[in-house]
Amino acid sequence: MKPFPRAEISGVALKSNLQRLRELAPNSRVMAVVKANGYGHGLLNVANCLSSADGFGLARLEEALELRAGGVSAKLLLLEGFFRQSDLALLVQHDIETVVHHESQIEMLESAQLAKPVTVWMKVDSGMHRLGFNLEQFNDTYQRLMQCPQVAKPIHLMTHFACADEPNNPATAEQTQRFNTMTQGLPGERTLANSAAALYWQETQADWIRPGIALYGVSPVAGDFGSNHGLIPAMELMSRLIAVRDHKAGDPVGYGSYWHAKKDTKLGVVAIGYGDGYPRNAPEGTPVWINGRLVPIVGRVSMDMLTVDLGIDAIDVVGDDVMLWGKTLPVEDVAEHIGTIAYELVTKLTPRVAVCLD
Ligand SMILES: *Cc1c(COP(=O)(O)O)cnc(C)c1O
């Protein structure tokens with residue numbers, strides 16, 4: 001018997017999505033972003049499925065070391081850079097590239113003694129104002145990195161967008177313009193585009209695109225779906241019915257007893273809850289997929305279970321499969337009901353959910 005709840009990961013979908021992104025950005029290399037356990041899809045499995053990617057983007061050194069320990073020899077880039085002086089020796093030892101976004105990182109590089117220089121991507125703050133060097137800091141900082149023997153030359157250049165998921169927001173074009181002006185004439189490779197920019201702002205694709213969510217078959221844009229771009233959802237979150245109960249009109253269900261049935265019905269109890277990462281704040285009406293139809297969550301999501309209204313005529317039985325999101329119930333839809341984004345749903349699954357690669 002398959003474990004449940006489980007996240008079924010389609011290697012075919014992951015590979016197909018990478019191929020599709022290559023079609024959409026034919027002049028760019030692809031840095032597949034696999035941070036946060038491959039967006040909840042399993043870091044090493046995803047990296048192995050996407051072994052034809054040109055490199056992998058990660059948020060933490062520990063994630064990069066896990067890939068190296070798993071035998072991944074591809075280019076690896078720390079998107080937030082390193083945090084400690086002692087990280088630098090590991091970057092050199094394991095051939096890991098780093099973003100530099102802050103003066104403190106330059107100080108660490110300047111005072112380090114390394115077996116060889118580190119490959120650096122200088123992060124430009126073109127308008128997001130979270131990380132990076134702005135227009136006033138750019139030239140001095142660039143020169144300082146140029147003079148640092150621990151920094152490999154040429155220095156590569158990157159920036160990140162604040163509003164690329166809003167296809168009508170002019171901020172992305174403005175950020176692109178600012179980045180291009182600041183970096184004009186400099187050697188080194190350039191990367192600007194996350195998934196949203198790669199899909200919606202072709203002029204941002206540059207030498208490397210850095211897609212995360214799109215590789216998993218999900219659209220970063222509200223009201224949009226991965227399938228609109230030829231992408232295939234890579235995760236199906238599955239569980240099972242562990243009870244089917246007759247339920248009388250007027251009776252409540254679950255903690256707080258805040259939902260009451262309007263008429264006689266049958267309730268299904270599904271073995272998944274916030275202890276698995278399914279959000280407790282999923283409201284009444286959030287859909288789940290059972291036996292070829294959508295049914296609504298009713299009552300409060302608890303730690304290990306949630307309840308759904310199967311309807312009076314239901315013939316579902318204990319043991320039937322339940323899909324919380326997947327091909328026939330896009331995670332984008334579920335996120336919309338819950339008032340969050342698909343990124344949060346897929347990355348928030350807890351270790352109790354078995355991640356199964358097909
Ligand atoms: C996470 C991340 C990405 C990928 O973003 P998506 O929206 O998932 O495509 C790209 N670049 C940086 C710097 C990131 O932190």
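Observations on the structure shown:
- Yes/no for LEU24 being assigned by the TED database to the domain that holds THR183 and crowded, with 16+ Cβ neighbours inside 10 Å: yes
- The stretch 159-179, residues that are surrounded by 13 or more Cβ atoms within 10 Å (Cβ to Cβ) and assigned to a loop (DSSP other than H, G, I, E, B): HIS160, PHE161, ALA162, CYS163, ALA164, ASP165, GLU166, PRO167, ASN169
- Of ASN37, ASN48, all but one fail to be at pLDDT 95 or above, within 15 Å of the ligand (Cβ to nearest atom) and open to solvent by 20 Å² or more (accessible area, probe 1.4 Å); the exception is ASN37.
- Qualifying residue in the stretch 224-240 (condition: within 11 Å of the ligand (Cβ to nearest atom) and over 30 Å from THR265 (Cα atoms)): no
- Listed here are the strands (runs of 3 or more DSSP E) enclosed by the stretch 257-358 that have at least 1 residues being buried (at least 19 other Cβ atoms within 10 Å of the Cβ), without any contact (Cβ under 8 Å) to a residue 60 or more places away in the chain and hydrophobic (A, V, I, L, M, F, W, C): 265-270, 287-290, 293-298, 306-309.
The values are calculated or read from the model by the stated rules, or taken from the named source; none is laboratory data. Quick caveat, the model's predicted, so the values are computed rather than measured. Neighbour counts run over all protein chains shown; Cβ positions are idealised from the backbone, glycine included. Accessible surface is based on the protein model in full, side chains and every heavy atom, while ligands, DNA and RNA are left aside. Shrake-Rupley method; radii C 1.70, N 1.55, O 1.52, S 1.80 Å.
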